[in-house]
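Visitor: Once you've had a glance at the structure underneath, I'll fire off some questions.
The values are calculated or read from the model by the stated rules, or taken from the named source; none is laboratory data. Model, not experiment: these values are computed from the prediction. Heads up, the Cβs are rebuilt from the backbone with ideal geometry, glycines too, and the neighbour counts pull from every protein chain shown. These area figures cover heavy atoms from the full protein model, side chains too; ligands, DNA and RNA do not enter into them. Shrake-Rupley method; radii C 1.70, N 1.55, O 1.52, S 1.80 Å.
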Amino acid sequence: MPAESLSLDCLIVLGARLNQEGRPGRIARMRVEHALRLWQAAGGTCRLLITGGCSRGSLAVSEARAMANHALDLAETQWGPDSRERLGTCLVLEETSRTTRDSARHTLPLVLDLQFGAVGLVSDALHLRRAHYLFRRHYQPHPVRLHPLPVPGVWRHYWQNRRYLWLTKMALRESGAWLKVLTRRTRPRREK
(Lines give C-alpha, C1' and ligand atoms only; values in the text may rest on other atoms or scores of the structure.)
Protein backbone atom coordinates (compact mmCIF):
# COMPACT_ATOMS: atom_id res chain seq x y z
CA MET A 1 0.00 0.00 0.00
CA PRO A 2 1.48 3.40 -0.94
CA ALA A 3 2.43 5.61 1.99
CA GLU A 4 0.26 8.45 0.67
CA SER A 5 -2.87 6.31 0.96
CA LEU A 6 -2.18 5.32 4.57
CA SER A 7 -3.94 7.18 7.35
CA LEU A 8 -1.21 7.51 9.96
CA ASP A 9 -1.32 9.06 13.41
CA CYS A 10 2.45 9.25 13.66
CA LEU A 11 5.70 8.77 11.77
CA ILE A 12 8.56 7.37 13.84
CA VAL A 13 11.81 8.59 12.30
CA LEU A 14 14.72 6.48 13.46
CA GLY A 15 17.88 8.31 14.45
CA ALA A 16 21.19 8.06 12.63
CA ARG A 17 24.71 9.30 13.23
CA LEU A 18 25.56 12.96 13.39
CA ASN A 19 28.60 14.48 11.73
CA GLN A 20 31.54 16.06 13.57
CA GLU A 21 29.70 19.38 13.88
CA GLY A 22 26.69 17.75 15.57
CA ARG A 23 24.46 18.00 12.50
CA PRO A 24 22.65 15.09 10.85
CA GLY A 25 24.82 12.98 8.56
CA ARG A 26 23.68 11.93 5.09
CA ILE A 27 21.56 8.97 6.25
CA ALA A 28 19.89 11.03 8.99
CA ARG A 29 19.11 13.81 6.51
CA MET A 30 17.65 11.34 4.02
CA ARG A 31 15.40 9.87 6.72
CA VAL A 32 14.18 13.31 7.80
CA GLU A 33 13.59 14.46 4.22
CA HIS A 34 11.57 11.31 3.44
CA ALA A 35 9.52 11.74 6.61
CA LEU A 36 8.80 15.36 5.71
CA ARG A 37 7.59 14.37 2.23
CA LEU A 38 5.27 11.78 3.84
CA TRP A 39 4.11 14.32 6.43
CA GLN A 40 3.37 16.92 3.77
CA ALA A 41 1.58 14.36 1.55
CA ALA A 42 -0.61 13.43 4.53
CA GLY A 43 -1.64 17.04 4.95
CA GLY A 44 0.88 17.92 7.66
CA THR A 45 -1.35 16.65 10.46
CA CYS A 46 0.31 13.49 11.79
CA ARG A 47 2.94 13.66 14.51
CA LEU A 48 6.65 13.06 13.86
CA LEU A 49 8.29 11.11 16.66
CA ILE A 50 12.04 11.42 16.12
CA THR A 51 14.18 9.04 18.12
CA GLY A 52 17.89 8.96 18.93
CA GLY A 53 20.03 9.85 21.90
CA CYS A 54 23.52 11.25 22.18
CA SER A 55 26.33 9.26 20.62
CA ARG A 56 29.03 7.83 22.84
CA GLY A 57 31.43 10.57 23.82
CA SER A 58 29.07 13.33 22.69
CA LEU A 59 27.00 15.25 25.20
CA ALA A 60 26.31 18.21 22.94
CA VAL A 61 23.15 17.25 21.05
CA SER A 62 21.03 14.16 20.59
CA GLU A 63 20.36 12.63 17.19
CA ALA A 64 16.65 13.38 17.68
CA ARG A 65 17.27 17.06 18.46
CA ALA A 66 19.66 17.56 15.53
CA MET A 67 17.26 15.79 13.14
CA ALA A 68 14.32 17.85 14.44
CA ASN A 69 16.27 21.09 13.87
CA HIS A 70 17.08 19.93 10.34
CA ALA A 71 13.39 19.13 9.75
CA LEU A 72 12.29 22.55 10.98
CA ASP A 73 14.85 24.37 8.82
CA LEU A 74 13.89 22.28 5.80
CA ALA A 75 10.16 22.86 6.30
CA GLU A 76 10.72 26.61 6.48
CA THR A 77 12.96 26.61 3.39
CA GLN A 78 10.60 24.49 1.30
CA TRP A 79 7.15 25.62 2.46
CA GLY A 80 7.63 28.83 4.45
CA PRO A 81 7.57 29.95 8.11
CA ASP A 82 4.00 28.74 8.66
CA SER A 83 5.08 25.18 7.86
CA ARG A 84 7.94 25.44 10.35
CA GLU A 85 5.51 26.48 13.04
CA ARG A 86 3.00 23.77 12.11
CA LEU A 87 5.74 21.12 12.05
CA GLY A 88 7.01 22.33 15.43
CA THR A 89 3.65 21.49 16.98
CA CYS A 90 3.79 17.99 15.44
CA LEU A 91 7.26 17.04 16.72
CA VAL A 92 7.80 14.61 19.58
CA LEU A 93 11.40 13.81 20.53
CA GLU A 94 12.71 10.68 22.21
CA GLU A 95 16.30 11.52 23.14
CA THR A 96 17.52 8.58 25.22
CA SER A 97 17.83 5.71 22.72
CA ARG A 98 21.26 4.66 21.52
CA THR A 99 20.19 1.52 19.63
CA THR A 100 17.28 0.44 17.46
CA ARG A 101 16.12 -1.89 20.24
CA ASP A 102 16.13 1.09 22.65
CA SER A 103 14.11 3.11 20.15
CA ALA A 104 11.43 0.41 20.01
CA ARG A 105 11.36 0.15 23.81
CA HIS A 106 11.36 3.91 24.50
CA THR A 107 8.87 4.98 21.84
CA LEU A 108 6.21 2.47 22.88
CA PRO A 109 5.12 4.40 26.03
CA LEU A 110 4.91 7.62 24.00
CA VAL A 111 2.86 5.94 21.28
CA LEU A 112 0.50 4.44 23.88
CA ASP A 113 0.20 7.69 25.89
CA LEU A 114 -0.65 9.66 22.76
CA GLN A 115 -3.04 6.88 21.66
CA PHE A 116 -1.59 6.38 18.19
CA GLY A 117 -3.20 3.47 16.36
CA ALA A 118 -1.38 3.58 13.02
CA VAL A 119 2.33 4.33 12.99
CA GLY A 120 4.74 4.66 10.06
CA LEU A 121 8.31 3.54 10.67
CA VAL A 122 10.83 5.59 8.64
CA SER A 123 14.39 4.42 7.98
CA ASP A 124 16.58 3.40 5.07
CA ALA A 125 15.72 0.06 3.45
CA LEU A 126 18.78 -1.76 4.77
CA HIS A 127 18.05 -0.82 8.38
CA LEU A 128 14.26 -0.95 8.16
CA ARG A 129 13.91 -4.75 8.06
CA ARG A 130 15.65 -5.16 11.41
CA ALA A 131 13.96 -2.10 12.87
CA HIS A 132 10.52 -3.34 11.82
CA TYR A 133 11.29 -6.74 13.33
CA LEU A 134 12.35 -5.21 16.66
CA PHE A 135 9.44 -2.77 16.78
CA ARG A 136 6.93 -5.56 16.01
CA ARG A 137 8.35 -7.59 18.92
CA HIS A 138 7.97 -4.69 21.37
CA TYR A 139 4.63 -3.42 20.04
CA GLN A 140 3.05 -6.86 19.50
CA PRO A 141 0.79 -7.06 22.56
CA HIS A 142 -0.59 -3.55 21.90
CA PRO A 143 -3.16 -2.35 19.35
CA VAL A 144 -0.67 -0.41 17.23
CA ARG A 145 -0.35 -1.05 13.48
CA LEU A 146 3.19 -0.58 12.19
CA HIS A 147 3.82 0.36 8.57
CA PRO A 148 7.44 0.26 7.31
CA LEU A 149 8.19 3.25 5.06
CA PRO A 150 11.68 2.87 3.55
CA VAL A 151 13.68 5.88 2.41
CA PRO A 152 14.10 5.49 -1.36
CA GLY A 153 17.39 5.80 -3.15
CA VAL A 154 19.95 5.31 -0.37
CA TRP A 155 21.77 2.43 -2.08
CA ARG A 156 21.54 4.13 -5.47
CA HIS A 157 22.95 7.37 -4.06
CA TYR A 158 25.98 5.68 -2.56
CA TRP A 159 26.50 3.49 -5.63
CA GLN A 160 26.29 6.38 -8.13
CA ASN A 161 28.70 8.43 -6.06
CA ARG A 162 31.12 5.49 -5.93
CA ARG A 163 30.98 5.30 -2.17
CA TYR A 164 31.58 1.55 -2.23
CA LEU A 165 33.45 1.55 1.06
CA TRP A 166 30.49 3.19 2.80
CA LEU A 167 28.09 0.69 1.25
CA THR A 168 30.28 -2.16 2.47
CA LYS A 169 30.53 -0.66 5.96
CA MET A 170 26.76 -0.18 6.12
CA ALA A 171 26.10 -3.76 5.01
CA LEU A 172 28.64 -5.20 7.47
CA ARG A 173 27.32 -3.10 10.32
CA GLU A 174 23.76 -4.17 9.63
CA SER A 175 24.80 -7.84 9.33
CA GLY A 176 26.49 -7.61 12.71
CA ALA A 177 23.41 -6.00 14.22
CA TRP A 178 21.23 -8.82 12.86
CA LEU A 179 23.59 -11.37 14.42
CA LYS A 180 23.18 -9.65 17.79
CA VAL A 181 19.40 -9.71 17.45
CA LEU A 182 19.28 -13.35 16.43
CA THR A 183 21.73 -14.60 19.06
CA ARG A 184 19.91 -12.65 21.74
CA ARG A 185 16.66 -14.29 20.69
CA THR A 186 18.03 -17.84 20.68
CA ARG A 187 20.04 -17.50 23.90
CA PRO A 188 18.24 -19.19 26.82
CA ARG A 189 16.91 -16.82 29.43
CA ARG A 190 18.30 -17.00 32.94
CA GLU A 191 15.95 -17.69 35.83
CA LYS A 192 15.68 -14.82 38.29
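Visitor: I'm trying to understand the selection: among the residues of the range 128-143, which are closer than 22 Å to Cys46 by Cβ and open to solvent by 20 Å² or more (accessible area, probe 1.4 Å)?
Guide: Once the filter is applied, which keeps residues that are closer than 22 Å to Cys46 by Cβ and open to solvent by 20 Å² or more (accessible area, probe 1.4 Å), the range 128-143 yields His132, Arg136, His138, His142, Pro143.
Visitor: I'd like the full set of residues that are without any contact (Cβ under 8 Å) to a residue 24 or more places away in the chain and in contact with a strand residue (DSSP E or B) (Cβ under 7 Å, 6 or more places away or on another chain), limited to the range 129-144.
Guide: Answer for the range 129-144, where residues must be without any contact (Cβ under 8 Å) to a residue 24 or more places away in the chain and in contact with a strand residue (DSSP E or B) (Cβ under 7 Å, 6 or more places away or on another chain): His132, Arg136.
Visitor: Moving on. Only helices (runs of 4 or more DSSP H) wholly contained in the range 1-90 count here; list those with 2 or more residues that are more than 17 Å from Leu149 (Cα to Cα) and open to solvent by less than 40 Å² (accessible area, probe 1.4 Å).
Guide: Numbers: elements: 26-41, 63-79, 81-90.
Per the criteria, 63-79, 81-90.
Visitor: Another one. In the list Leu11, Leu18, Leu49, which residue meets the criterion of being in contact with a Lys or Arg (Cβ under 9 Å, 6 or more places away or on another chain), of a type in the set (A, V, I, L, M) and either at pLDDT 95 or above or within 18 Å of Leu93 (Cβ to Cβ) (or both)? Working first, answer last.
Guide: Numbers: Leu18 fails: in contact with a Lys or Arg (Cβ under 9 Å, 6 or more places away or on another chain); Leu49 fails: in contact with a Lys or Arg (Cβ under 9 Å, 6 or more places away or on another chain).
Only one candidate passes the filter, namely Leu11.
Condition check ((1) closer than 17 Å to Arg84 by Cβ; (2) out of contact with any Leu (no Cβ under 6 Å at 6 or more places or on another chain); (3) of a type in the set (A, V, I, L, M, F, W, C); (4) in contact (Cβ under 8 Å) with a residue 60 or more places away in the chain) across all residues:
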| site | (1), (2), (3), (4) |
| --- | --- |
| Gln20 | no, yes, no, no |
| Arg23 | no, yes, no, no |
| Ile27 | no, yes, yes, yes |
| Arg31 | no, yes, no, yes |
| His34 | no, yes, no, yes |
| Gln40 | yes, yes, no, no |
| Arg47 | yes, yes, no, yes |
| Ser55 | no, yes, no, no |
| Ala64 | no, no, yes, no |
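Visitor: Could you tell me whether the range 108-122 includes any residue that is acidic (Asp, Glu), at pLDDT 95 or above and within 20 Å of Ala16 (Cα to Cα)? Lay out the reasoning, then the answer.
Guide: In the first step, residues of the range 108-122 are kept if they are acidic (Asp, Glu); the result is 113.
Filter again for at pLDDT 95 or above, leaving 113.
So of that shortlist, the ones also within 20 Å of Ala16 (Cα to Cα) come out as none.
Among the residues of the range 108-122, not one is acidic (Asp, Glu), at pLDDT 95 or above and within 20 Å of Ala16 (Cα to Cα), which makes the answer no.
Visitor: Please go through the range 61-90 and give me each residue that is touching a helix residue (DSSP H, G or I) at 6+ places or on another chain (Cβ under 7 Å) and of a type in the set (Gly, Ala, Ser), ordered by number.
Guide: Hits for the range 61-90 are Ala71, Ala75, Ser83, Gly88.
Visitor: So which residues in the range 76-119 are without any contact (Cβ under 8 Å) to a residue 40 or more places away in the chain and of a type in the set (A, V, I, L, M)?
Guide: Hits for the range 76-119 are Ala104, Leu108, Leu112.
Visitor: In the range 174-181, is there at least one residue being at pLDDT 95 or above, assigned to a helix (DSSP H, G or I) and either farther than 22 Å from Leu36 by Cβ or open to solvent by 70 Å² or more (accessible area, probe 1.4 Å) (or both)? Before the answer, list the steps.
Guide: Let us first name the residues in the range 174-181 that are at pLDDT 95 or above, namely none.
No: zero hits.
Visitor: Go through the range 91-118 and count every residue that is open to solvent by 60 Å² or more (accessible area, probe 1.4 Å) and either more than 21 Å from Leu72 (Cα to Cα) or outside any loop (DSSP other than H, G, I, E, B) (or both).
Guide: Step one: of the range 91-118, the residues open to solvent by 60 Å² or more (accessible area, probe 1.4 Å) are 95-96, 98-99, 105-106, 109, 112-115.
Then keep just the ones that are either more than 21 Å from Leu72 (Cα to Cα) or outside any loop (DSSP other than H, G, I, E, B) (or both); that gives 98-99, 105-106, 109, 112-115.
Final tally of qualifying residues: 9.
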